[in-house]
């Protein structure tokens, strides 16, 4: 199959491209490298089945090789708070403008379309764990709204295209994902703690450390994305993908300290505005529809992640 992956040089996107190539697909990667890393797709340079296009997915794309496409994964968007707070307009544009453009492309090619959405559509949730039928608790004008609300709009537009013109669409609500190929300056919890522990710097915790998160290793997440895309009969479905194991932020910091052999102190800073207090997916729907659940626990995933950061940091 011919597959288009926007955001294909990011953490999730680059591992997804590897998985698609491993099963024999031809892949066109679109990335503007604002948050994706060229090094994440550098190893693909000798593979004639791969085309890497440097382009902004929020505007009409250049005529792309490989058309017509059979599958279209839309992963292009800043995804860490550090990035989307730095580039709020760009984040709004790629989700609110880029999603319709890519759905038009899917419609023209008769391609199946998967939107990479986010657990942030649930905001600071009042229901726990979060299930797909929960509508969320989102501040529409807060500093995080550029990401939260543009993803909510992208979801709405995606399902509307499925209902009105028949594009075969499905939506993955992705929870916190980590693993090798993360950027050292990504700004999210696990990359931050790994880099700080390896450098012997204090581990920075925002809030008192009692807030909770769930962490999904990237290979598990990619398996879920492919299963959601390839399972027939799921047009219009919204599915959580994440690891339901729940940890406090302080517990995650202590696990990383221990695995890194670090004696770094822990320092506490004020909790950012609208930062969710609890975050954990209900993955019952993914188990039922896809036969999917994660298989890699946090210590098992942290080991290769720390090894990656050791290499990157030299």
Does residue 116 satisfy the condition of being under 15 Å from the mean Cα position of the chain (by Cα) and under 27 Å from residue 278 (Cβ atoms)? yes
Test: residue 230 is surrounded by 14 or more Cβ atoms within 10 Å (Cβ to Cβ), free of Cβ contacts under 8 Å to residues at least 12 places away in the same chain and within 19 Å of the chain's Cα centre (by Cα): yes
Quick check on this structure: which one of 34, 80 is under 18 Å from the mean Cα position of the chain (by Cα) and within 19 Å of residue 221 (Cα to Cα)? 80
Pick from the stretch 1-46 the residues that are touching a strand residue (DSSP E or B) at 6+ places or on another chain (Cβ under 7 Å) and over 20 Å from residue 114 (Cα atoms): which of them is surrounded by the fewest Cβ atoms within 10 Å (Cβ to Cβ)? 33
Out of all the residues in the stretch 111-157, which are under 17 Å from residue 74 (Cβ atoms), free of Cβ contacts under 8 Å to residues at least 40 places away in the same chain and surrounded by fewer than 20 Cβ atoms within 10 Å (Cβ to Cβ)? 156
Got a number for residues in the stretch 174-203 being in contact with a helix residue (DSSP H, G or I) (Cβ under 9 Å, 6 or more places away or on another chain), over 21 Å from residue 121 (Cβ atoms) and not in a helix (DSSP H, G or I)? 10
Filtered residue count, the stretch 101-138, keeping only those that are out of contact with any strand residue (DSSP E or B) (no Cβ under 7 Å at 6 or more places or on another chain) and within 17 Å of residue 88 (Cα to Cα): 1
For the stretch 190-212, which positions are under 29 Å from residue 291 (Cβ atoms) and at pLDDT below 95? 212
Give just the number: which of (1) more than 19 Å from the chain's Cα centre (by Cα); (2) part of a loop (DSSP other than H, G, I, E, B) does residue 58 not satisfy? (1)
Among the residues that make up the stretch 77-90, is at least one of them surrounded by fewer than 23 Cβ atoms within 10 Å (Cβ to Cβ) and either over 28 Å from residue 272 (Cα atoms) or in contact with a strand residue (DSSP E or B) (Cβ under 7 Å, 6 or more places away or on another chain) (or both)? no
Members of the stretch 87-121 that are under 18 Å from residue 148 (Cα atoms) and out of contact with any helix residue (DSSP H, G or I) (no Cβ under 9 Å at 6 or more places or on another chain): 97, 119
Inside the stretch 251-295, can you point out the residues that are under 13 Å from residue 220 (Cβ atoms) and buried (at least 18 other Cβ atoms within 10 Å of the Cβ)? 281, 283, 286, 290, 292, 294
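The values are calculated or read from the model by the stated rules, or taken from the named source; none is laboratory data. Small disclaimer: the values here were computed from a predicted structure and weren't measured. Using ideal geometry, Cβ is built from the backbone for each residue, glycine included, and neighbour counts are taken over all protein chains shown.
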